[in-house]
Structure formats: C-alpha cells, structure tokens
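As structure tokens, the structure follows; a few thoughts come after it.
Laboratory data are not the source of any read-out in this text; all were calculated from the coordinates shown. Note that this is a predicted model, so its numbers are computed, not measured. Backbone-built Cβ (ideal geometry, glycine too); neighbour counts: all protein chains shown.
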C-alpha cells in the first residue's frame, strides 16, 4: 500500500513538472462559423389533432373510432402513402371544465395525434378542405421540409467550418500573426437541427375556386438549413 502511494505521488510530481515546462497556455483564437442554405422544400409534414367529447366513456370511444376511420379513409382516397401516416398518443379519459370558478367533470374525451407526409403540393387545398369537413379533426400544423435535409445539413456544416477558418485567419492577420493548426472544431447542434418552418411563414395561398382545386395553389418559397460550429486555432508569429 505504501509503495503504491509513493508511486502515485511520484507520477503526480512528474506530471506537474511537465506542465510547468510547457509554459503558458498555447496562444489561440476561438471563433464561431455559421452557414445557411436556402432550399426549396419538396415535402410537407402535416400534424392533425383528432378529439371528441361525449357523456359516456363507451360512446366517446365509439365516436372517436368513427372519426379516425373517416380520416383514414379520406387520406387513402387522397392517395397519401400509408407508410407516411402515423397515429400516436391515443388517449381516453375524463373531460374537465371550469364553471363558476370550480373544476367539474363534463363527460369524457378521446384524442389521437395523426401525422402524414405530402410530396404533391397540388393536393394542399383539397386536403385542407377535405380535412376541415371531418368534424373532430383539427389541423395543428403544416411544416415544410426537404427529403434530402441530411445532405444539405452536411453541406452547410462544411461551409460553417470554412467560414470559421476564414474568420480566424482574418483576426490573426489583424493582430500581426498567422493562423496555425486547428485545436478544436465543435458543432452547435442547437443551431442546425431546428424544427422545419411552418407553412404560414413560407407559403402564399391565393383564393382557389372549387373547379380549380387540381391546380397548384401555393408558392413554397425556400426554407433555411443552418449549421454553426465553434473552432479554435493556434496563432503563430509571422
């Protein structure tokens, strides 16, 4: 035990001496590089809420099943690929409201989240009108995205690293130094993996008459795909 303690102490002293010989911290520059690609979206991500309320739990469940069945039949009729449709968070429980300042039970509520993906943008208005006709179905959100997001994300990440390098080089030249080898390159994931933008911010939807529902009713514009990195480089005297 004593021998091990002496050996550990000797290693600690040797490490401290080695650190002392290295001198002060290596001179470096730390910067952030950002890149944004504007990409034309090629798919929509629809998020729906299905919810109904009834006095009895059995009736609530039966009505809910009927609504979900109508919704699925409409999506099939609209030629939405079955593999893109997903149901989740199916719930059945007591429905509570506030009356005269008191929380009271008001029947039972059933709910289901439904999501699906759309690649044919000409179906946007027919889908919107058809879904709005199904009682108990609400369109929570329609998001724009691209099927090759990962490819564009990688491209944006590469450009962000180059932007960080150029920024660091400019700073080094400003103080009369030159840029050395990189010490650290770290991606800021909070910047690059945001939720796709909502359709309201990117799409112009003109008034469409019922006899022209098959025409393209919107202009998708572009969506930003961003990447941000943190990078540190040695700085050397010229």
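Worth a mention:
- Which of 74, 116, 233 has the fewest Cβ neighbours within 10 Å, and the rest in rising order: 74, 116, 233
- Proxy reagent accessibility, fewest Cβ within 10 Å first, across 179, 171: 171, 179
- Cα-Cα pairs of region 108-169 separated by more than 13 Å (percent): 76
- Put in order of Cβ neighbour count within 10 Å, fewest first, the listed residues 230, 123 become 230, 123.
- For region 43-144, the Cα gyration tensor yields ellipsoid semi-axes of 29, 14, 11 Å (square root of five times each eigenvalue, largest first, whole Å).
- Additional length obtainable on full extension of the chain from residue 47 to residue 92, 0.36 nm per residue less Cα span: 14.2 nm
- Sites residue 178 and residue 30 - FRET efficiency at Förster radius 22 Å, r taken between beta-carbons, to 0.05: 0.85
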